[in-house]
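Laboratory data are not the source of any read-out in this text; all were calculated from the coordinates shown. None of these values were measured; they are calculated from a predicted model. Ideal geometry is used to build each Cβ from the backbone, glycine not excepted, and the neighbour counts take in all protein chains shown.
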Amino acid sequence: MKNTLGNYSYQEIISQGDIWKKTLECATSQIPPTRKWLEDCQDEIIFIGCGSTYYLSLVAANLWTRLTHKPARGFPSSELWYYPATILSDRTPLLVAISRSGETTETIQAIKLFKEKFTQDCLVISCYPESSMVKNSKLALLAPHAHEESVIQTRSFSSMLILTQILAASAAKNAAFIEHLTMLPEVFPKLIEKYESLAKRIAFNQKYNHFVFLGSGLNYGLASEIMLKMKEMSLSVSEVFHFMEFRHGPMSMISDQSLVIGLMSETAKDQEMKVLRDMKALGADTLALTEHSSGLDVDFVVEFNAGIPQEALGVLYLPILQLMSYYHAISKGINPDQPKNLSAVVRL
Ligand code: F1P
C-alpha cells in the first residue's frame, strides 16, 4: 500500500542507488580542477557543515586521514564562524565547506572568515550549482541529481559523502578506492529488497521508544547522521555515541524499550559486539549493520556482503536505517515530508 505520508522522503531514500551512479559518473570530470589545490594540502584540511552536513564533515575528516595519513578535522560551521581561535592553529589549512543548499548562513560566514585569514581557495560540496556558495567559490564538487524536495537530507547526504570519498581518494592517488566506490550502486537494490521489510517491522514495533546509534572510527559520523534522521523524521528519543563510550555512563538509559543499533567496523567488530551483548543483558534489543555477519549475536542484522573494503562501505550503512526512521514516523502518524520546526535551509 502506498503511504500517503512522506512520499518525497520515501522516493528520495529508495532512489539512492540510481543517484549514487549519476554522482559517480559526474564526479570524475570534476576532480581535475581540484588537483593543484589538493597538492597545496601540506598542513591539514578542515571540513565544515551544519546538521547533517556537520556529521558528514566528521566522516570526511576521518576518511581523509585514513587514506592520506594527513591531519583532518570536522566542525560545525558555526564553530569556525564564532570561535575561530579554538580551531585555527599555526598550521595553514585547506577548507572544505559542505552544504546541500549552498545557502546556510553559518557556512557562508565561516567561508568568509576563512578567506579573510588565508589566501588559498575553499572547496564547496553541494547539490545546487546555482547556490551562493558555489557561485562564490572557484572550486566545487557537485551532486545536482541528489537534490531533494524533502527538508530532511537522505540521498543528498549519501551523494555528498561519495564526493568526499572521491576527493580523499584523489588526494591519496588511490585509484583502487574509487573503483570500489563504483560498486556501490549495484549493492543498493539488493539491500533494499532484502532488508526493507525488516526496517518496517522494527519501525512499527511500538515497544521501542529509545534509539541508540553506536559507531566508531569512520562510522561515528554516519551513526550521528542516522541519529538525526530518527529525531527529524519520527520525533523519537534518539542518541549517538562512540561504541566504547556507551558504557561510561550513557548506558544508564538502557531499558527493555531500547533498541541499540551498531554500525559495525571490520577492525574492532569483536569489541563492538561485546558492547551490544552487554546492552542486551540490560534488556535492550540489538541491531547490527555489517559487511559480514559471522560471529554476531544480535536480535537483528543487516549484512552488506558487498565485497567492498571497510573504508568505502560508508553509504551502505544509511538506506535501511533511513527507511527505519521513515517507517517509524509513519507508524506514529507523522509526515516525514513536513518535519516539526524544521526548514530546508537555516538562514540567520
Ligand atoms: C544543513 C541543514 C540540515 C538539516 C536541515 C536544515 O543544510 O541544517 O543539516 O538537516 O535539513 O539544513 P545545508 O547547509 O547542508 O544545506
> So is residue 68 within 14 Å of the ligand (Cβ to nearest atom), crowded, with 18+ Cβ neighbours inside 10 Å and either touching a residue at least 60 places away in the same chain (Cβ under 8 Å) or farther than 27 Å from residue 176 by Cβ (or both) or not?
Replying inline: no
>> The conditions are (1) out of contact with any His (no Cβ under 7 Å at 6 or more places or on another chain); (2) part of a helix (DSSP H, G or I); (3) farther than 23 Å from residue 224 by Cα, and residue 22 fails exactly one of them. Which is it?
In response: (1)
> Say we look at segment 71-88 and pick out the residues that are within 13 Å of the ligand (Cβ to nearest atom) and of a type in the set (Gly, Ala, Ser); which of these is farthest from the chain's Cα centre (by Cα)?
Replying inline: 78
> Do we have any residue at all in segment 315-331 that's more than 21 Å from residue 231 (Cβ to Cβ) and either among the small types (Gly, Ala, Ser) or touching an Asp or Glu at 6+ places or on another chain (Cβ under 9 Å) (or both)?
Replying inline: yes
> Right, residue 135: within 16 Å of the ligand (Cβ to nearest atom) and more than 23 Å from the chain's Cα centre (by Cα) or not?
Replying inline: yes
> Within the set of pairs 6 or more residues apart or between chains, which connect a residue that is over 17 Å from residue 93 (Cβ atoms) inside segment 29-54 to a residue that is among the hydrophobic types (A, V, I, L, M, F, W, C) and away from the ligand (no atom under 16 Å from the Cβ) with Cβ atoms less than 7 Å apart?
Replying inline: 31/166; 33/139
> Which condition breaks for residue 221 when tested against (1) out of contact with any helix residue (DSSP H, G or I) (no Cβ under 9 Å at 6 or more places or on another chain); (2) assigned to a helix (DSSP H, G or I)?
Replying inline: (1)
> Picking from 219, 209, which residue would you name as being crowded, with 18+ Cβ neighbours inside 10 Å and either on the phi > 0 side of the Ramachandran plot or touching a residue at least 40 places away in the same chain (Cβ under 8 Å) (or both)?
Replying inline: 219
> away from the ligand (no atom under 16 Å from the Cβ) and either part of a helix (DSSP H, G or I) or over 21 Å from the mean Cα position of the chain (by Cα) (or both) - does that describe any residue in segment 150-158?
Replying inline: no
